[in-house]
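Accompanying notes for the structure given below.
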Amino acid sequence: MCEVLPGVMNHIPGPHLKALSCCDFVRSFIRKEIQSHRERGTVDEPQDFIDFYLDQMAKTQNVPDSTYDEDNMVQSIFDLFLAGSETTATTLRWALLYMVAYPDIQEKVQKELDAALGPSHLICYEDRKKLPYTNAVIHEIMRYGNIVLITIPRQAVKNTTVLGYQLPKGTLIIPNLDSALFDPKYWETPHQFNPGHFLDKDGNFVAREAFLAFSADKFIDSHRVCLGEVLARMELFIIFFKEVNTQIIFGSTMKPHPYKICAVLQSLKPRQKINAAEISMYF
Ligand code: HEM
């Protein structure tokens with residue numbers, strides 16, 4: 001309703017007003033950032049997204065119908081915040097919960113980390129190649145957590161065929177990722193948390209065709225994918241490592257119910273599972 005009738009909804013009381021005011025807050029923060037980039041004047045040597053966008057705005061200022069303007073830049077940055085923060089944070093909340101719920105798996109991850117890297121190692125994304133079990137656990141957290149049930153709605157730009165179905169130009173397409181992530185045709189035990197889904201018989205990591213947590217593009221021949229997939233994979237790997245190795249605790253996605261968790265610093269105690277009761281936090 002807010003998108004269809006924004007003028008009206010702004011005047012009707014209700015919880016959506018708080019959400020709208022939070023959006024306004026983020027947009028005004030972004031505008032201030034853009035202003036400070038303008039004042040810093042680094043457009044000749046662009047350092048980040050805002051610099052590149054300002055550069056592009058300058059280059060296209062005489063191009064009729066150019067879509068590079070400040071309002072679009074604000075919305076693009078807003079989208080990156082929205083799409084990029086809640087998704088990763090929610091996945092990490094599932095990660096913590098599953099590690100508590102499956103202590104045997106947590107222990108295997110810790111053993112693999114200790115054997116491959118040692119407790120004080122500074123992790124980098126490349127290290128995932130030495131950690132097939134940990135990598136498989138992260139993938140299984142994403143599959144089983146299934147935080148984005150359906151993707152962003154898309155529209156067929158021409159008459160097309162998807163999985164044998166004829167879709168005329170203009171058809172609205174909403175891929176259901178949930179159905180692929182739990183499809184018994186592709187997963188041996190779809191309704192169990194089983195890192196073995198991503199391991200071969202020798203314990204090597206294997207990518208799975210039906211792992212569509214970031215997009216359904218492989219199946220529907222779409223060019224739209226998650227823009228932040230690589231960043232998200234890196235963040236998840238590094239923060240998950242930190243969670244398990246040091247036992248640090250920490251919108252529209254499938255979140256776990258609020259839970260209480262306890263964390264014990266590895267440096268203070270002999271290595272143990274996340275289940276002791278020294279520090280507790282609400283999420
Ligand atoms: C666990 C983390 C994440 C998951 C599971 C996830 C999942 C998804 C999914 C399923 C889509 C829809 C793709 C489609 O329509 O086929 C999407 C789109 C998108 N994601 Fe992510 N995402 C994650 C993290 C991120 C991060 C870190 C960023 C950026 C910093 C990001 C930016 C975007 C953007 C901009 C789109 C829209 C792309 C477009 O419409 O062309 N995502 N994401």
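The values are calculated or read from the model by the stated rules, or taken from the named source; none is laboratory data. Because the structure is a prediction, the values reported are computed rather than measured. Cβ: placed from backbone, ideal geometry, glycine included. Neighbour counts: every protein chain shown.
Hey, THR60 hits all of (1) of a type in the set (Val, Ile, Thr); (2) over 30 Å from LEU199 (Cβ atoms); (3) within 16 Å of the ligand (Cβ to nearest atom) but one; which does it fall short on?
(3)
Can ASP65 be described as not in a helix (DSSP H, G or I) and not assigned by TED's automatic domain parsing to the domain that holds ASN176?
Spelling it out, ASP65 is indeed not in a helix (DSSP H, G or I) and not assigned by TED's automatic domain parsing to the domain that holds ASN176.
Pairs only if they're at least six apart or on different chains, beta carbon under 8 angstrom, first in region 221-236 and in the same structural domain as VAL162 (by TED's automatic domain parsing) and at positive phi, second more than 6 Å from the ligand (Cβ to nearest atom) and modelled with pLDDT under 90; list them, first residue then second.
What qualifies is ASP221/THR160; ASP221/VAL162.
Check region 204-216 and report whether any residue there is away from the ligand (no atom under 15 Å from the Cβ) and of a type in the set (Gly, Ala, Ser).
Within region 204-216, one or more residues are away from the ligand (no atom under 15 Å from the Cβ) and of a type in the set (Gly, Ala, Ser).
If the requirement is being surrounded by fewer than 11 Cβ atoms within 10 Å (Cβ to Cβ) and modelled with pLDDT of 90 or more, which of these qualifies: ASP44, ASP71?
ASP71
Residues are listed down the side, and each one gets a yes or a no for (1) at pLDDT below 90; (2) surrounded by fewer than 17 Cβ atoms within 10 Å (Cβ to Cβ); (3) out of contact with any helix residue (DSSP H, G or I) (no Cβ under 6 Å at 6 or more places or on another chain); (4) within 17 Å of VAL148 (Cβ to Cβ):
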position: PRO184; (1), (2), (3), (4): no, yes, yes, no
position: HIS191; (1), (2), (3), (4): no, yes, yes, no
position: VAL230; (1), (2), (3), (4): no, yes, yes, yes
position: ALA263; (1), (2), (3), (4): yes, no, yes, no
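Among the candidates ARG224, ARG143, single out the residue that is surrounded by 12 or more Cβ atoms within 10 Å (Cβ to Cβ), modelled with pLDDT of 95 or more and not aromatic (Phe, Trp, Tyr).
Of the residues listed, the single one that is surrounded by 12 or more Cβ atoms within 10 Å (Cβ to Cβ), modelled with pLDDT of 95 or more and not aromatic (Phe, Trp, Tyr) is ARG143.
Of the residues GLN166, GLN110, GLN75, GLN155, which is more than 21 Å from PHE214 (Cα to Cα), within 15 Å of the ligand (Cβ to nearest atom) and not β-branched (Val, Ile, Thr)?
Result of the check over GLN166, GLN110, GLN75, GLN155: GLN75.
State yes or no: is ILE248 at pLDDT below 95, more than 16 Å from the ligand (Cβ to nearest atom), of a type outside the set (Ser, Thr, Tyr) and part of a loop (DSSP other than H, G, I, E, B)?
It is true that ILE248 is at pLDDT below 95, more than 16 Å from the ligand (Cβ to nearest atom), of a type outside the set (Ser, Thr, Tyr) and part of a loop (DSSP other than H, G, I, E, B).
Considering only region 122-140, state which residues are under 17 Å from MET99 (Cβ atoms) and out of contact with any Leu (no Cβ under 8 Å at 6 or more places or on another chain).
Residues satisfying the conditions are ASN135, VAL137, HIS139, GLU140.
Criterion first (within 14 Å of the ligand (Cβ to nearest atom), out of contact with any helix residue (DSSP H, G or I) (no Cβ under 8 Å at 6 or more places or on another chain) and not acidic (Asp, Glu)) does ALA83 satisfy it?
Considered against the rule, which asks whether it is within 14 Å of the ligand (Cβ to nearest atom), out of contact with any helix residue (DSSP H, G or I) (no Cβ under 8 Å at 6 or more places or on another chain) and not acidic (Asp, Glu), ALA83 comes out as yes.
Going through MET73, MET1, MET57 one at a time, which residue ends up being under 21 Å from ILE152 (Cα atoms) and touching a Phe, Trp or Tyr at 6+ places or on another chain (Cβ under 7 Å)?
Answer to the check: MET73.
May I ask you to list the residues in region 86-105 that are out of contact with any Pro (no Cβ under 7 Å at 6 or more places or on another chain), more than 8 Å from the ligand (Cβ to nearest atom) and closer than 20 Å to LYS255 by Cα?
If the condition is that a residue be out of contact with any Pro (no Cβ under 7 Å at 6 or more places or on another chain), more than 8 Å from the ligand (Cβ to nearest atom) and closer than 20 Å to LYS255 by Cα, then GLU86, ALA89, LEU92, ALA95, LEU96, TYR98, MET99, VAL100, ALA101, TYR102 are the ones that fit.
Which of (1) farther than 30 Å from LYS111 by Cα; (2) touching a strand residue (DSSP E or B) at 6+ places or on another chain (Cβ under 8 Å) does VAL74 not meet, given it meets every other one?
(2)
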